Amino acid sequence: MKKTEKNIREQFRITDRNIVIDEKRKEETMSFLQKEISRKKTGVRPDRKKILIRQFRYMDKTMLAIHGIFCMIALFVVVTVPEYWGHGIKKEEDIILVSTVISGFLGLFSVLAVGRIFFSGLTELSESCYFNVRQMVAFQMFLSGMISLSVLSVNILFVGMRWKIDLLRAGLYLFVPFVMTECCCLMAVLSETGRKNIYLLTGVGTFSVVSNVLLASSPQLYRMSALTFWGIAFAGGLLLLTVQIRILFRGIEKGEILCTN
């Protein structure tokens, strides 16, 4: 990488030698810029709170709205399952299976909200705004993550109290598919093809949800002896997710991850 950068700089030096600078036009341009700068008035920059409000006001809220609608549907399903569908759901494995589907799709929508920044094909224009691409991705990731985690926490509390499941177990059962789906989707975002194709990212997320459902269909996984497996899967997923986020931000900062189609 360093050798390539050195070669590029050398190519610029060679090209610059062949450029003839008109000293008269250079002085005229300098004089013009000095006059314009002297006329320029210093504007008052709004505080960070107003900037954040404006950022939220003018940002694309399409995916955020879809995410919010799914969260409301998910909460409605979880609350109404014991009341109206109770005849078919009598065991804790059944409600956890339903909650696993919800957790997986929450992870998918969290990453889709971030991935939409890359799908637009105009993210490079953000460098001329107050927030750069890295900050915009962090803002979207924080916002969508907080929404998903809030719904997931309510789901865990409701399932734990309604079906008398220990909150630690319920948390592991529902957080693991959420984290694993986010890891799979971020893996797609880190690839150039995944950043350009929303259908591929959606397909990867859906495949992860289906895989988690198939695994959750095994009754052996809900025994107390399998709790260690869930703990290891959760810790491993969090570690992988942290590494992927760091790679994503580092790639954006260095320009290795292009934000255009």
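Restricted to segment 202-223, and to residues that are hydrophobic (A, V, I, L, M, F, W, C) and free of Cβ contacts under 8 Å to residues at least 12 places away in the same chain, which residue is nearest to G107 (Cα to Cα)?
V210
Does F234 count as of a type in the set (A, V, I, L, M, F, W, C), buried (at least 17 other Cβ atoms within 10 Å of the Cβ) and closer than 25 Å to E92 by Cα?
yes
What are the residues in segment 69-98 that are modelled with pLDDT of 90 or more and buried (at least 17 other Cβ atoms within 10 Å of the Cβ), if any?
Residues satisfying the conditions are F70, C71, A74.
Of S126, S110, which residue is at pLDDT below 90 and among the small types (G, A, S)?
Just one listed residue meets the conditions, S126.
For segment 184-200, indicate whether the set of residues that are at pLDDT below 90, closer than 21 Å to I247 by Cβ and not in a helix (DSSP H, G or I) is non-empty.
Yes, segment 184-200 has at least one match.
Which condition number does N155 fail, the rest of (1) at pLDDT 90 or above; (2) open to solvent by 40 Å² or more (accessible area, probe 1.4 Å) being met?
(2)
Of the conditions (1) touching a residue at least 12 places away in the same chain (Cβ under 8 Å); (2) more than 25 Å from T228 (Cα to Cα); (3) open to solvent by 50 Å² or more (accessible area, probe 1.4 Å), Y199 fails just one. Which one is it?
Just one mismatch for Y199, condition (1).
The values are calculated or read from the model by the stated rules, or taken from the named source; none is laboratory data. Owing to the predicted nature of the structure, the values given are computational and were not obtained by experimental measurement. Cβ sites come from the backbone with ideal geometry, for glycine too, and all protein chains shown count toward neighbours. The accessibility values were calculated without ligands, DNA or RNA, using every heavy atom of the protein model including side chains. Shrake-Rupley method; radii C 1.70, N 1.55, O 1.52, S 1.80 Å.
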